[in-house]
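Chemist: Before I ask anything, here is the structure I am working with.
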Amino acid sequence: MKRLILPAVLCLALAGCGGSPDTPGAKAAHDRHENFEAIGKAFKTIGDELKKGAPDLAAIKTQATKINGFAPQVKDWFPAGSSPKDGVKTDALAAIWEQPDEFGKAAARFAEAAAALDAAAASGDLAAVRGATGPLGAACKSCHERFREKD
Ligand code: HEC
C-alpha cells in the first residue's frame with residue numbers, strides 16, 4: 001500500500017502527473033484543452049477546404065457552426081482554480097485571471113469573428129467565407145500571444 005500511496009501524494013504536491021482531472025480546476029483545464037483542440041481541427045478543415053479548387057461549402061458550414069458554438073463559451077472556460085498558479089497543468093497564462101477585462105475582450109472579439117464566419121458560410125458566398133477567416137485567425141493569434149504559453 002505505502003508504495004502506491006507515496007507517488008499519489010507526490011503527484012498532488014507537484015500537481016500534474018498527466019493532468020488527470022481530479023479537481024474541478026483540473027477538470028476545467030482538461031475540458032478546455034479538448035475544446036480548443038476541436039476548434040483547432042475545425043479551423044484547419046476550413047483552411048484546407050479553401051485551398052482546394054472547389055471547396056466543399058457544406059463541410060465549411062459544418063465546421064464554422066461548430067466554432068461558432070464554442071466561441072461564446074470560451075470566456076467561461078477559465079474558472080477560479082484552473083490557473084497555472086493553482087498547480088493545474090495548463091498552457092493558460094496567469095494573465096487571464098489577472099486581467100479579466102482584457103481577456104474578456106479577446107474572447108468577445110473571437111465570438112464576433114466566429115459568428116461572422118458562420119454567417120458567411122451560411123450565405124454560401126465563398127469570397128465572404130475567405131474574407132471572414134482572416135479576422136478569425138487574427139483573433140486566435142492575438143489571444144494566444146497574450147494569454148497562452150509559448151510553445
Ligand atoms: C480568448 C483567448 C483565445 C482565443 C480567442 C483562442 N484561443 Fe486557443 N487557446 C487559448 C488558451 C488560453 C489555450 C491554452 C488552454 C490550456 O492549456 O488550458 C489555448 C489552446 C489552444 C490549442 C491547444 C490545445 C491546448 O490546450 O493546448 C489549440 C489547438 C487552440 N487553442 C486553437 C485555437 C484556434 C484555432 C483559435 C481560433 C479559431 C483559438 N484557439 C482561439 C486561448 C484562446
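Chemist: Got a sec? How would Leu136, Leu93, Leu50, Leu117 order by Cβ neighbour count within 10 Å, fewest to most?
Modeler: Leu50, Leu93, Leu136, Leu117
Chemist: Something else about it: Per residue and in cubic angstrom, what volume does the convex hull of the Cα atoms of segment 49-117 have?
Modeler: Measuring per residue, one finds 106 Å³ for the Cα hull of segment 49-117.
Chemist: Still on this structure, I have one more. So if R0 is 30 Å, what FRET efficiency would Gln73 and Lys150 give, r being the distance between their Cβ atoms, rounded to the nearest 0.05?
Modeler: It comes to 0.75.
Chemist: Step through the table entries Lys51/Lys75; Lys51/Lys89; Lys27/Lys105; Lys52/Lys89; Lys61/Lys150; Lys51/Lys141, compare each Cα-Cα distance with 28 Å, and write down the pairs that go over it.
Modeler: Correct reply: Lys51/Lys75; Lys51/Lys89; Lys52/Lys89; Lys61/Lys150.
Chemist: What full-extension length gain, to one decimal in nm, is calculated for Lys141 and Glu98 as 0.36 nm per residue of separation minus the Cα-Cα distance?
Modeler: 13.5 nm
Chemist: Could you work out, for the chain, what percent of all Cα-Cα pairs fall into each 10 Å distance bin, beginning at 0 Å and stopping at the bin that holds the largest distance?
Modeler: Result, from short to long distances: 11, 35, 27, 17, 7, 3, 0 percent.
Chemist: Counting helices only, and only those DSSP H runs with n ≥ 4, report the 222 nm mean residue ellipticity of the chain as the sum of -39,500 (n - 2.57) divided by its residues, in deg cm²/dmol to the nearest 500.
Modeler: Taken over the chain, the calculation gives -23500 deg cm²/dmol.
Chemist: Right, here's the next one. How many nm separate the modelled label positions at Ala58 and Asp22, each set 7 Å beyond the Cα in the direction of the Cβ?
Modeler: Once both label points are built, they end up 4.7 nm from each other.
Laboratory data are not the source of any read-out in this text; all were calculated from the coordinates shown. Predicted model, so just to flag it, every value in this text is computed and none were measured. Virtual Cβ from ideal backbone geometry, glycine too; neighbours counted across all protein chains shown.
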